[in-house]
Each structure stands twice: as C-alpha cells, then as structure tokens.
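Here's the structure, in structure tokens; my notes come after.
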Amino acid sequence: MSKKNSSSSNASSQGSTSLRLKTGLAEMLKGGVIMDVINDDQARIAEDAGAVAVMALERVPAMIRAQGGVARMSSPNMIRKIMAAVSIPVMAKVRIGHFAEAQILEALGVDYIDESEVLTPADEAHHVDKHKFKTPFVCGARNLGEALRRIAEGAAMIRTKGEAGTGDVVHAVKHMRQIMRDMRMLTSMSEDELYAEAKNHQAPVELIRMVAQTGKLPVPNFSAGGIATPADASLVMQLGAEAVFVGSGIFMNSGTKFASAKEAAQRARAIVKATTHYQDPNVLLEVSGDMTGAMKGLAVDQMDPTQLMQTRGW
Amino acid sequence: MLPRRSYYTKSMRIGVLAIQGDFAAHQLRLHQLGVESIPVRKAEQLAQIEGLIIPGGESGAFLKLLGDDFFAALRIFVNSKPTFGTCAGAIMLATEVLGPAQPSLGAIDMTIRRNAYGRQIDSSIRTGKLASSANNTLSEIEMVFIRAPKIERIGPGVQVLATEGGTAPDGQPDIVAVRQGSAMAATFHPELSSDSRVHQLFVALVQDYCKTGATETSK
C-alpha cells in the first residue's frame with residue numbers, strides 16, 4: 001500500500017522523474033528481442049526463447065497486409081490473457097493519434113504502448129500527447145527529425161519504422177543508417193548552425209542541441225520493421241540499434257501461413273542469441289545453421305507505394 | 001569517507017554481464033569512478049576480471065541466454081569473487097526465486113519475488129536509507145525501482161545495506177540492498193541515479209578482495 005501512495009504523490013508533477021522511469025524500462029530491454037504475439041501460446045514460446053518483452057496484437061503486420069481492412073487496438077481481453085501468461089513486460093499498439101485507445105491500454109496496465117504506423121492512423125495531423133500518460137510510449141521513426149518530434153511529444157523509446165510485415169530488412173537498415181548519420185552530422189556542427197538544423201529536421205532546437213552534444217538520442221533507439229533472421233538482427237545491432245523488435249518473422253511463414261510451434265521456437269531462440277552476440281560471427285554462424293527457413297516475405301521495392309506503412313505518421 | 005578514484009588499484013578490472021539489460025549504464029558509472037570494465041558475454045571472460053556486476057534486465061532472458069555451461073561457471077564465480085546484482089541481477093544472486101520460481105546462482109541466502117510491486121505503471125523513484133559502514137548511520141539515497149523484485153526473507157549471514165519505506169502493514173521497512181560475504185544485491189537501480197555511493201561500496205569490496213585475496217564474511 002505504502003508504495004502506491006508514495007509513488008502517486010511523487011510522480012504527480014515531476015515530468016523528468018516520469019521520463020526517467022519510462023526510459024528506465026527501455027534500458028532494461030536493451031540487447032534483447034521484443035516479439036509480436038497474437039495469443040498466450042505464442043507469448044509463452046517467446047518467453048521460453050528468451051524474449052525480453054512481447055507485443056500483444058490480434059494480427060501481426062504480415063496478416064494485416066494480407067487481410068486488409070481497418071487495423072485497430074487489440075481486444076483488451078486478449079491482451080489481458082497474454083499479461084497473465086508471461087512474467088516479462090507486455091506491450092500493445094494503438095493507432096497514431098488515438099489517445100482514447102491509449103487511455104484504455106493504460107487502464108489495462110500494459111507496460112509499454114506502441115503508437116504504431118502498423119495500425120490504421122486515427123489522426124492525420126496529430127500524434128498522442130504522450131506526456132499525459134504514466135505508461136511509457138514507443139514510436140516509429142525514419143529519420144532524426146521524426147524521432148525528435150516523437151520524443152518532444154513524450155515518447156520514451158524510438159524504433160525504426162522499417163517496413164513491417166514484409167520480412168525485408170532493407171528499410172529498417174535505411175532508417176537506422178539515416179538516424180545515425182543525421183546524429184553524426186550534428187555532432188560536427190557549430191552551435192550557431194544548430195538553429196537552421198532544427199528547421200531542416202523540423203524538430204525542437206533544444207533536442208537538436210542535446211543530440212549535437214551527446215551524439216545519441218535522449219531515449220533508447222531500437223530497430224523494427226522487416227527483421228526476419230539472426231543475421232538481420234546482427235546487422236541492425238551493428239548499425240547502432242540497442243535492441244530489436246521482431247514482428248511477423250517468427251510465427252509466420254507468409255501473410256497467411258503460420259510457422260509450426262517448433263519452427264517458431266527455433267527462430268525465436270536463434271534471433272535472441274544473435275542479438276546478444278551480434279558482434280561474434282562464430283555464434284551467428286552457429287545459430288543461423290539451426291534455422292530451417294525464414295518467412296517468404298515481400299520485397300519492399302516491388303510493392304505499390306500506397307501499401308507502405310512507414311509513410312504513416314507526421 | 002569512501003575512497004576516491006586515485007585510491008583504486010590500476011590493474012583492477014570489473015566485468016559487467018552483457019548478455020542483455022542495462023549493462024552500459026553500469027559500465028558508464030564504473031568509468032566515472034575511474035574503474036576499468038569489460039562487457040562479459042562468454043564464460044571464459046570470467047577469468048579476466050576481479051569482480052562482476054549482473055545488471056538489470058529480464059532475469060528469465062538471462063537464464064535462457066546463459067545456457068548450462070555459462071550458468072555453472074557463473075555460479076562458481078559469484079560464490080567466490082565479488083559480485084553485485086541490481087534488480088534482475090539481485091534475482092540471479094538469490095538462493096530462492098518466487099513469482100514464478102526459477103533457477104538462481106545462490107550467492108546470497110535470501111528469498112526474492114519477481115515483479116512484487118506490480119507492473120511498469122507501479123514503477124517509481126523513491127527515497128530510501130543507505131547504511132554507512134563507517135559510523136553505523138543511515139543516510140538518504142534516491143532509489144529507482146522498475147518492475148522491481150522484493151526481498152521477502154534473508155538468512156542469518158546476510159547484512160542489510162539499505163531499506164525503503166516503513167509504513168508497511170507490519171511496520172517494517174522493505175529490505176532493498178544486502179550483502180553476504182563478497183556478494184551484494186540491490187532491488188533498485190543505482191546505475192540509473194546520479195548518486196554513485198552504492199557503486200563505490202562495491203568497488204571498495206572488489207578493492208579489498210584484490211588486496212587480501214579474499215573478503216571477510218560480514219557479521
């Protein structure tokens with residue numbers, strides 16, 4: 001009882017305290033793999049394989065692509081079942097700008113909320129004001145400006161957008177390279193150049209200055225969107241990601257076909273191990289050898305641009 | 001007073017278990033204290049270090065990633081050389097883990113319960129009391145609790161280093177940091193606060209070990 005009383009009185013006004021707690025959980029997830037799961041069986045497979053968290057959703061991105069329609073927040077009952085099944089943190093997605101869905105997930109008690117381009121956006125101009133929530137948020141970004149706009153709104157973790165549900169890592173790579181390059185450039189600039197850079201990146205100058213001084217984002221920087229193999233995980237980690245999200249690549253063989261539980265568990269274990277030992281080619285060789293196959297996937301450069309999810313978000 | 005940076009042995013090296021979690025925050029803190037550290041990802045690296053920090057993270061994921069051989073090597077290390085575990089690291093060092101039960105390294109005679117305060121929404125930054133060995137006094141210290149575990153029982157050989165709260169139903173504060181022999185554990189995250197006193201305690205422990213080749217068991 002005492003815990004709750006003291007925490008609520010402490011956290012009432014202190015924004016920086018709240019941000020430290022929010023990014024604090026992301027710190028604990030570093031070097032780990034966060035896996036998309038659609039039911040409690042998959043959640044247990046993910047936890048057994050060494051996932052540091054699961055993302056609970058009704059349809060993984062590959063299924064959303066295959067089935068179409070409006071993709072919304074998942075059923076709270078389904079998320080609750082997953083929360084009961086595992087002891088690792090549980091995340092869930094809300095539509096871009098849909099603060100009411102976020103209020104529901106906060107009331108449910110999920111550990112992280114992903115304001116995600118994978119779902120159909122609910123607002124064409126605004127993202128959720130994430131400062132208003134005690135539950136931390138993760139948001140996608142393709143470049144530094146987008147990352148800093150989300151951080152300004154209160155995001156406590158950034159992930160690359162990549163192109164979810166494709167099994168094609170090319171855009172996760174593109175976005176991670178872009179963010180890292182944007183940051184390296186800022187570190188070489190003089191103070192009086194940063195105002196124009198803030199304009200170019202369409203981001204607050206305070207955050208631009210912070211990145212120029214430290215060379216990194218003020219919150220953890222993870223990778224997502226098309227990661228399907230142990231080698232993919234190692235690639236994005238070597239490019240600067242601090243942890244990886246794997247969506248459709250573990251439990252799906254294509255947008256409509258599930259992998260067997262055995263195959264999924266094997267992929268999950270391999271990707272987890274590859275993320276820890278991303279700098280060790282011998283371990284990568286060993287775990288890649290155990291892989292029986294990866295999802296068929298969808299080459300992003302052959303897709304109709306209107307089917308891209310990464311362009312959602314402002 | 002606690003030792004300053006120049007006091008530390010130059011050759012002293014502390015490993016930070018880096019299979020997953022906030023190992024970089026611990027390494028940064030050690031660097032600020034002028035102590036050399038290396039990330040430990042393989043069992044053979046344990047031979048290169050004088051002390052070990054097991055960071056915060058997901059203890060279940062640690063167990064999966066360690067595998068049997070590394071786990072066995074780690075058990076030998078933590079029961080003979082200075083080790084400090086924070087949060088998930090504290091869970092790893094306990095003799096008994098609940099919520100759910102899972103294997104652990106058994107360096108500190110205590111029962112610890114995972115996620116005992118609740119989910120992320122119940123995470124908080126609080127002020128607790130840190131024991132000073134020099135004059136037997138308590139001083140206030142900031143404590144960052146994130147999905148924290150709770151120490152539910154400690155054995156007779158375990159020394160309490162820090163407590164928090166004091167309005168629990170039984171009137172007793174929660175035990176949040178302990179030491180037994182050369183093993184230390186905290187259920188909070190000193191690596192996420194700017195106060196370095198808890199890390200200084202551990203560095204001093206490793207320092208003593210380097211000088212004498214063994215540490216006294218605390219009474």
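Some observations on this one:
- Whole-percent carbon and sulfur share, accessible surface of the stretch B:13-212, 1.4 Å: 50
- Computed helical MRE - 222 nm, chain B, DSSP H runs ≥ 4 contributing -39500 (n - 2.57), nearest 500: -7500 deg cm²/dmol
- For the stretch B:13-212, the relative contact order works out to 19 percent when only alpha carbon pairs closer than 8 Å and six or more residues apart are counted.
- In the stretch B:49-96, burial by the other protein chains removes 40 Å² or more of 1.4 Å probe accessible surface, compared with the chain on its own, from B:E58, B:K64, B:L65.
- Measuring only protein heavy atoms, the 1.4 Å probe finds A:S288 accessible over about 50 Å².
- Test item: Cα-centred dipole of the stretch B:22-160, Lys/Arg +1 and Asp/Glu -1 on Cβ, debye: 280
- Other protein chain Cβ atoms within 10 Å, averaged over every residue that makes up A:29-42: 3
- A 1.4 Å probe over all protein chains sorts A:R20, B:R179 by accessible area into A:R20, B:R179, starting with the largest.
- Each Lys and Arg Cβ is given +1 and each Asp and Glu Cβ -1; about its Cα centre, the protein assembly as shown then shows a dipole of about 400 debye.
- Residues with amide H under 5 Å from that of B:A183, placed H, sequence gap 5 or more: B:T83
- Residues whose placed amide H lies under 5 Å from that of B:S123, excluding near-sequence neighbours: B:R147
- Both the radius of gyration and Dmax for the stretch B:1-107 are 13.8, 44 Å, in that order, over alpha-carbon atoms.
- Size of the stretch B:76-169: Rg and Dmax of its alpha carbons, in Å, are 13.9, 39.
- With Cα atoms as the point set, the radius of gyration and Dmax of the stretch B:13-212 evaluate to 15.5, 47 Å.
- Positions from the stretch A:70-93 whose accessible area shrinks by 50 Å² or more when the full protein complex is built, not the chain alone, probe 1.4 Å: A:S87
- Descending Cα extents along the principal axes, the stretch A:52-155, whole Å: 37, 33, 25
- Area of A:F245 that stays accessible when all protein chains are in place (1.4 Å probe, Å², to 10): 10
- Summarising the label geometry, the points placed 7 Å from Cα in the beta-carbon direction at B:S196 and B:T212 lie 2.5 nm from one another.
- Carbon plus sulfur fraction of accessible area for the stretch A:183-314, probe 1.4 Å, in percent: 52
- Computed Rg/Rh of the protein assembly as shown, alpha carbon atoms with Kirkwood Rh: 0.96
- Convex hull (Cα only) mean projected area of chain A, reported in nm² to one decimal: 16.2
- Size of the B/A contact, given as accessible area buried on both chains, probe 1.4 Å, in Å²: 3100
- Chain A: relative contact order in percent, alpha carbon pairs under 8 Å with at least 6 residues between: 19
- The contact residues of the stretch A:103-121, meaning those that lose at least 10 Å² of 1.4 Å-probe accessible area when all protein chains sit together rather than their chain alone, are A:E106, A:G109, A:D111.
- Residues of the protein assembly as shown: accessible area per residue with a 1.4 Å probe, Å²: 40
- R0 of 41 Å, Cβ-Cβ distance A:K81-A:L308: FRET efficiency to nearest 0.05: 0.80
- Against the empirical curve 2.2 N^0.38 Å, the C-alpha radius of gyration of the stretch A:231-314 lands at a ratio of 1.21.
- Per residue of B:124-130, other chain Cβ atoms within 10 Å of the residue Cβ number 4 on average.
- Computed on protein heavy atoms with a 1.4 Å probe, the accessible areas place B:H199, A:H98, B:H31 in the order B:H31, A:H98, B:H199, largest first.
- Applying 0.36 nm per residue to the separation of A:A299 and A:M185 and subtracting their alpha-carbon distance, the gain on full extension is 38.0 nm.
- Under the convention that each Lys and Arg Cβ holds +1 and each Asp and Glu Cβ holds -1, the size of the dipole of chain A around its Cα centre is about 480 debye.
- Whole-Hz ³J(HN,Hα) from phi, Karplus 6.51 cos²θ - 1.76 cosθ + 1.60, for the stretch A:102-115, glycine and proline x: 5, 4, 5, 5, 5, 5, 5, x, 4, 7, 8, 10, 9, 7
- Calculated mean residue ellipticity at 222 nm for chain A: -13500 deg cm²/dmol, from DSSP H runs with n ≥ 4 weighted as -39500 (n - 2.57), summed, divided by the residue count and rounded to 500.
- Between B:L138 and A:N282, the simple label model (points 7 Å from Cα in the Cβ direction) yields a spacing of 5.0 nm.
The values are calculated or read from the model by the stated rules, or taken from the named source; none is laboratory data. Owing to the predicted nature of the structure, the values given are computational and were not obtained by experimental measurement. All Cβ positions, even for glycine, are placed from backbone atoms using ideal geometry, and neighbour counts span all protein chains on display. SASA here: full protein model, heavy atoms, side chains in, ligands and nucleic acids out. Shrake-Rupley method; radii C 1.70, N 1.55, O 1.52, S 1.80 Å.
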